[in-house]
1. How high is the FRET efficiency from residue 10 to residue 247, r the C-beta distance, R0 35 Å, rounded to 0.05?
2. Karplus couplings for region 141-153 from phi (6.51 cos²θ - 1.76 cosθ + 1.60, θ = phi - 60°), rounded to Hz, Gly and Pro as x?
3. With a 1.4 Å probe and every protein chain kept in, tell me what percent of the accessible surface of region 41-122 is carbon plus sulfur.
4. What accessible area per residue, rounded to a whole number of Å², is obtained for region 1-46 using a probe radius of 1.4 Å?
5. Label points 7 Å out from Cα along the Cβ direction at residue 325 and residue 53: separation in nm?
6. Computing the accessible area with a 1.4 Å probe over protein heavy atoms, can you report the carbon and sulfur percentage for region 160-253?
7. Give me the one-decimal nm value for the distance between modelled label points at residue 70 and residue 291, 7 Å along each residue's Cα-to-Cβ direction.
8. Modelling each spin label as a point 7 Å along the Cα-to-Cβ direction, I'd like the residue 162/residue 42 distance in nm, to one decimal.
Amino acid sequence: MSHKIALNFEDGVTRFIDAKDSETVADAAYRQGINIPLDCRVGACGACKCQVESGRYELGEDFIEDALSADEAAQGLALTCQMRAQSDCVVRVPVASSACRIKQGSFRAAIREVKALSDSTISLAVEGDELGKLAFLPGQYVNLQVPGSEQSRAYSFSSMPQDGKVSFLIRNVPGGLMSGYLTQLAKVGDVMTLSGPLGSFYLREVRRPLLLLAGGTGLAPFLAMLEKLEESGSEQPVHLIYGVTNDFDLVEMDKLAAFAQRLPNFTYSACVANPDSQYPLKGYVTQHIAAGQLNDGDVDIYLCGPPPMVEAVNQDLRQRGIQPANFYYEKFAASA
């Protein structure tokens, strides 16, 4: 039996390998052209020590305390020259991908659909045979090259791969290069190049309640996360708060309602910052975080939004005296 291992490097690059029950993660990576740093291969130097963020595995028996202490093992650290996966795993490798001789993954895909969800948001779906090789963790992004130029823009996946298709939510930026292409030039069948996957913002193993905070098109990675949660299941409560500036910025509300119907532990709310909004909930995301959703700090918070939103949530947590178990965030700014 083999298991899929996601190797996340410190520069945000992720690569997936298949590891057999009988081989170590380091050997499996080397077999597939990825050279995880190591020296001894016998569990003595500690050079291949990595953080296992999810999955079941065996530590191995042929390593010494100096290479991996009992405390480190209890914290999820493992020596990849000894570690054998017993399920799919996510492993954080504390070096840049370039140090492991990894080239950035590149995939070609054709436009399947471009749809204006509102004046401010575009939905883009692409498909292609090469996307069958594309694997990513829900929450990650790719660099999407603007056809007819050498420039790329970074966008989070708003869906998991299905039948060779993936989708994105894209901010419609006046005068923006990608926005201009999608609204004026794009046609079904046009070929685009995706490079990645990238990013350390992704859904970890769910061990406690989740609070998801989305700002604008920062909703995209959470749609992919919800798809993954629907597939894998979770007994933990998951609450999403989606904040936008104007009423017309609210998109994909039907998808959120559908997730709430299908996922028994999922709830959501949305708010609009514009005081003239006609939407029932007004104000900012921080104004709609209930104390119970913070669970006295025993909560994992995921946030994707503009830098001021990240700072506002940090300040709000400090004022409440809450230190969440984990706080993962992705800052983004609209690109012209």
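1. 0.30
2. Rounded to whole hertz, the list is 9, 10, 8, 10, 6, 7, x, x, 9, 9, 9, 10, 10.
3. C and S atoms contribute 43 percent here.
4. 46
5. Result for the modelled spin labels: 1.6 nm.
6. That share works out to 47 percent.
7. About 4.1 nm, to one decimal.
8. Between residue 162 and residue 42, the label points sit 5.2 nm apart.
The values are calculated or read from the model by the stated rules, or taken from the named source; none is laboratory data. If you're wondering where the values come from, they're calculated on a predicted model, not measured in any experiment. In this analysis, Cβ positions are derived from the backbone assuming ideal geometry, glycine residues included, and neighbour counts consider all displayed protein chains. Side chains included, ligands, DNA and RNA excluded: accessible areas come from the protein's heavy atoms. Shrake-Rupley method; radii C 1.70, N 1.55, O 1.52, S 1.80 Å.
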